[in-house]
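Reviewing the structure listed below.
Every number here is computed from the coordinates shown, using simple stated rules; none is lab data. Keep in mind it's a predicted model, so treat the numbers as computed, not measured. Please note: Cβ atoms are built from the backbone with ideal geometry, for glycine as well, and neighbour counts cover all protein chains shown.
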Amino acid sequence: MYTKTIFTDREKDILHCIYAGLSNKEIAKRLFISVHTVKAHIEKLFLKTDVHNRVQLIVYAFKNGIIK
């Protein structure tokens, strides 16, 4: 499950916001995008990493050096 995955800069932004504990609404406000767009990015992150929730996503990010 833990393999190298390429993330866009925006996906990395979303990932760091998730790590910071922000809600979708807070992420949208911080990045000047809609909540719908945040949800779309998160779904894409889940698909790219083959995970099913935010905790698994953060674990993936740590194991792959995306978040240090």
Legend entry - Dipole magnitude (debye, nearest 20) for the chain, charges at Cβ of Lys, Arg, Asp, Glu: 80 debye
Inset, instruction - Would you kindly compute the Cα radius of gyration of the chain and its largest Cα-Cα separation (Dmax), both in Å? - result: 11.0, 32
Inset, instruction - Please report the relative contact order for the chain, taking Cα pairs under 8 Å with a sequence separation of at least 6, and give it as a percent rounded to a whole number. - result: 39 percent
Legend entry - With Cα atoms, 0 to 90° folded angle of helix 35-49 axis to the chain main axis: 0 degrees
Legend entry - lysines with Cα under 26 Å of Lys29, excluding same-chain neighbours fewer than 8 positions away: Lys12, Lys39, Lys44, Lys48, Lys68
